[in-house]
Structure formats: structure tokens, C-alpha cells
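Have a look at the structure below, then the notes.
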Amino acid sequence: MNRHLILALTCGIALPLALVACSSPSTTDQAPHAHAAPADDSPGHGEITGATEEAEPQLKLLTVDDTGAVGLLDLLDGGERTLDPIPVPARLSTDGRYVFGDSGAGLSVTDSGAWTWDHGDHFHFYSAEPTQLGIVPGDGAARVTGGPLSTAGATGVFFAGSGEAVLLDNTALAAGTLTERFRVAVTPHFGILAPIGDGAVVSEAIAGSDGTQLRVLDDAGGASDTTAPCDAPRGATSTRAGLVVLCAGGAVVGTDDGGSVALSPAPLPNGASAAPAALDGRKGRPTLAGPGVTADGEHGVWLFEVRARAWTWIPSSAPLAAAAAVGDDAGHIVAVDTAGRVVVFRGSDEVAATAPLLTGEDLTDAGLERVSLTVDANRTYLNAPASGVVYEIDVADGARIARELQPAVAPVFVAEVGR
């Protein structure tokens with residue numbers, strides 16, 4: 001409470017006691033990089049000065065080992081390079097260009113120098129020099145929610161330990177600078193801040209109860225009257241059909257209609273057990289998936305179709321540790337089961353599975369925190385930290401192992417970039 005009062009007096013603004021914001025942007029002590037000055041047409045095509053437009057996606061694997069060393073493996077030509085190290089993360093996440101390392105005492109931001117600009121009916125692909133952008137200060141585990149585009153809009157960060165939510169400016173990130181559009185403080189919890197429109201959606205405690213809700217913020221972090229219930233927020237994802245916030249009882253979909261943000265609840269079907277711990281899918285696509293279990297102990301996948309606000313339950317032959325929707329015409333979902341196999345679903349059918357790719361310590365609770373399952377248009381990537389291998393899997397070809405990659409920097413943590 002004292003921290004909140006100090007912030008309120010410093011900012012000179014009046015907000016509800018649950019929410020305190022400073023509207024003036026702040027910039028970390030990081031100099032811009034010459035290669036990344038935004039071009040005038042950046043909002044239209046994602047181009048930045050010094051970047052090269054490419055004919056195809058510049059897909060790479062960014063790997064981090066257990067010392068914080070960082071490597072970049074080119075998936076097109078096999079070339080590798082190292083970047084400056086980062087503080088050893090507890091987890092890694094990406095929006096497809098920037099990679100965020102959560103150490104529990106701040107968030108490192110790496111610009112991979114590879115990105116795709118989604119122009120609706122077509123894409124533009126770019127490459128530039130990768131670089132470390134610095135650290136976003138914060139306390140406790142950090143959740144990151146990227147926006148649809150890496151060179152425009154914003155990225156949301158929520159620090160559970162302090163309850164601070166930070167909206168980073170993506171145009172500034174593309175220029176090599178960590179600039180905060182705003183930083184707000186709410187009651188500490190494991191929450192979310194997600195960009196939408198010119199502002200964001202933040203989770204906050206409901207006064208007088210143990211529950212949490214979502215609230216829309218404006219572009220300066222000011223609180224609006226638009227709210228929606230969302231107990232135990234579990235993450236947020238930007239899709240073409242809207243922002244999806246996963247809650248204990250289902251999802252809330254946020255949409256922006258010309259500057260007016262609406263929050264629409266999409267609860268689980270009646271009688272369903274709790275929502276999955278996470279939802280994931282191919283970048284931007286309007287379908288997401290996550291592993292679950294019913295009240296009577298049946299294991300499977302929850303599929304969420306954002307446009308229809310619809311949940312579908314798909315049973316599996318074994319308990320699942322992770323799942324992601326590919327979002328293709330065939331309706332593929334890729335999952336990892338607790339035996340370490342990659343399992344492929346087409347529609348409601350389980351159609352293929354690999355031999356166990358994860359073994360031993362990778363299958364412990366601590367080990368699975370380091371395992372990432374990533375899907376793109378053509379391949380799926382799964383890292384096996386204990387063996388130092390990243391498996392490239394062709395989902396459409398019976399879960400065939402296309403390559404076993406062994407990056408020079410051990411893939412304890414992995415993020416696919418260029419998407």
C-alpha cells in the first residue's frame with residue numbers, strides 16, 4: 001500500500017485504490033541501434049531502416065543454456081552465432097521476434113533480428129542484426145503478452161511479485177530502446193497485462209473478495225469502467241479474432257472496434273471441469289489448444305475457437321503435458337504426453353505419435369518448465385534439455401522426425417523466432 005501511495009503522489013493522478021499508473025513514458029538506459037530506426041511506412045509493412053526484406057520467413061531457434069549463454073541457430077542454412085549472455089532465466093517466451101527471459105528479478109529482452117509482418121492477406125519477411133535490448137526491471141515471475149505486430153503496437157508485462165504491469169512500446173523496441181508507455185501497480189497476484197487497441201487489459205483483485213477481474217486501460221494506463229470477471233488468470237494471447245485471456249472458468253475475448261474495447265466472456269460448457277493451465281497455438285491464428293482433464297478423470301485437449309467463442313473437448317489416449325493448435329485447414333493439434341511422445345490430432349481424432357522424445361528429468365515438473373512446444377506453418381519444434389536436442393517434426397507426415405538439431409548453445413530453453 002505504501003508503494004502505491006508513493007506512486008500516486010509522484011504521478012499526480014487520481015485512480016481507484018486498486019490501480020496506480022504513471023502516464024509519462026520512461027526509457028531504460030539503452031542506446032538505440034542504428035540498424036533499427038523505424039521507417040515512415042512501419043505501421044503498413046513492418047519495415048525498419050537497415051533491415052532486409054526476404055523472400056521467405058527467416059526462421060531461427062534462439063537457445064539459452066543454464067549459464068545464460070545465448071545462441072541463434074538458422075533453420076534455413078544451419079548457420080549459428082552467439083549473442084551476449086542474459087541473466088539465467090526460469091522461463092523463456094517470445095512473440096515471434098523478441099525473446100523474453102524471466103529471471104524472477106527482471107525481464108531480459110532480446111531482439112532476434114527476424115520477424116514476419118502479417119498484412120492480412122499476405123506477409124512480409126525481414127531480417128536485421130540481432131541484439132540484446134536490456135532488462136525491464138520488476139519483481140517476481142513475469143508474464144509477457146505480445147501484440148500482433150513486432151514493429152507497431154505494444155507488449156504487456158506483468159510482474160507477480162510487485163503487481164506491476166508494464167506496457168512496452170514496440171516501435172521503440174524496433175529502434176533498439178526499451179520504452180515504457182506506462183507502468184501501473186495493482187495488488188500482487190499472478191496476473192496479466194495484454195495490449196489491445198491503443199491501451200491494454202490488466203487483471204486486478206476485486207475489492208472485498210478473493211476473486212480477480214479484467215479492466216480495460218487507456219493509452220496512458222488510466223482505468224476505464226469496462227471490466228469482466230476472470231478468476232485466476234492463466235495467460236493471454238493475441239489472435240486475428242481478438243485478444244484471448246484464459247481464466248479458471250473459461251476465457252474472455254477482447255475486441256477493439258475503432259477505439260472502443262469490449263470484453264466478452266466465453267465460459268467452459270456447463271458441467272466441464274476447470275480450464276487448461278495454458279492455451280497455445282500458431283502465431284496469430286484464431287484457434288488455441290491446451291491440455292485438460294474432466295471431472296471424471298478423462299484426459300484430453302480443450303480446443304478454443306476464438307471467432308465462435310466455442311470450446312471443444314477432444315479425448316486423448318494418455319495424459320498430456322502441453323498442446324498447441326496449428327490452425328490449418330486440417331484442424332491439426334500437436335501435444336506432448338506425459339510419456340514424452342509428441343501426439344498429433346486431426347479434428348477429434350488422434351492420428352499419429354512419435355516414440356518418446358523426452359525422458360528422465362525432462363518429464364519431471366521442473367524439467368517440463370524448460371520444455372517448449374512450438375508450431376509454425378510447416379513444422380513443430382520440441383526441445384529435450386537433458387539430451388541437448390531440438391526435434392523438428394513434420395506434423396502432416398505422420399509426426400515424422402525431420403531433423404534432430406543439436407545447437408552449440410545447449411537448448412535448455414528454446415524460442416522459435418522469425419514467425
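Nothing in this text is a laboratory measurement; each read-out follows from the coordinates by a stated rule. Source: prediction; values computed, not measured. A quick note on method: Cβ atoms are made from the backbone with ideal geometry, for glycine too, and the neighbour counts reach across all protein chains shown.
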Report task. Report the calculated FRET efficiency for Ala310 and Asp219 (r = Cβ-Cβ distance, R0 = 30 Å), to the nearest 0.05. Result -> 0.40
Query raised in the report: So how strong a dipole does segment 182-298 carry about its Cα centre when Lys and Arg Cβ are +1 and Asp and Glu Cβ are -1, to the nearest 20 debye?
Result: 380 debye
Report task. Taking the Cβ of each residue in Glu80, Glu369, Glu350, Glu164 as the centre, tally the other Cβ atoms inside 10 Å and list the residues starting with the fewest. Result -> Glu369, Glu80, Glu350, Glu164
Query raised in the report: How much net charge surrounds Leu62 when only other residues with a Cβ under 13 Å from its Cβ are counted (Lys, Arg +1; Asp, Glu -1)?
Result: -3
Query raised in the report: From the residues Gly398, Val344, Val414, which one has its Cα farthest along the dipole of segment 272-419 in the positive direction, the dipole being from +1 and -1 charges on Cβ of Lys/Arg and Asp/Glu about the Cα centre?
Result: Val414
Query - Highest average packing first - 145-155, 217-227, Cβ atoms within 10 Å - result: 145-155, 217-227
Report summary line: The answer for trypsin sites (Lys or Arg not before Pro) in segment 249-356 that fall in a DSSP coil and have at most 14 neighbouring Cβ atoms within 10 Å is Arg307
Report task. Between beta-carbons, use under 12 Å as the cut-off and find the net charge around Arg307, counting Lys and Arg +1, Asp and Glu -1. Result -> +2
Query raised in the report: Per the helix-only calculation at 222 nm, which mean residue ellipticity applies to the chain, given -39500 (n - 2.57) for every DSSP H run of n ≥ 4 and division by its residues, nearest 500 deg cm²/dmol?
Result: -1000 deg cm²/dmol
Report summary line: Projected convex hull area of the chain, Cα atoms, direction-averaged, in nm², equals 19.4 nm²
Requested in this report: Just need the relative contact order of the chain here, percent rounded to a whole number, with Cα pairs under 8 Å and 6+ apart.
Outcome: 13 percent
Report task. Would you please put 107-116, 135-144, 356-365 in order of how densely packed they are, using the mean number of other Cβ atoms within 10 angstrom per residue and starting with the highest? Result -> 107-116, 135-144, 356-365
Query raised in the report: What number comes out for the charge environment of Arg346, summing +1 per Lys or Arg and -1 per Asp or Glu over other residues with Cβ under 12 Å away?
Result: -4
**Report entry** Simple spin-label estimate for Glu404 and Ala355 in nanometres, 7 Å along Cα-Cβ
**Finding:** 0.8 nm
Requested in this report: Treat each spin label as a single point 7 Å out from the Cα along the C-beta direction, and report the Thr364 to Thr52 distance in nm.
Outcome: 4.4 nm
Query raised in the report: For Ala207 and Thr255, FRET efficiency with R0 = 25 Å and r from the beta-carbon atoms, rounded to 0.05?
Result: 0.40
Report task. Please work out how much length the chain gains when fully extended from Thr338 to Phe123, using 0.36 nm per residue of separation minus the C-alpha to C-alpha distance, in nm with one decimal. Result -> 73.8 nm
Report task. Using a Gaussian network model of the chain whose springs link C-alpha atoms within less than 10 Å, name the residue from Leu73, Leu243, Leu168 with the highest mean-square fluctuation. Result -> Leu73
Query raised in the report: Placing +1 at every Lys and Arg Cβ and -1 at every Asp and Glu Cβ, with all other atoms neutral, what dipole size does the chain have around its Cα centre, in debye to the nearest 20?
Result: 660 debye
Report summary line: Measuring from its Cα centre, segment 272-419 shows a charge dipole (+1 at each Lys and Arg Cβ, -1 at each Asp and Glu Cβ) which, in debye to the nearest 20, is 440 debye
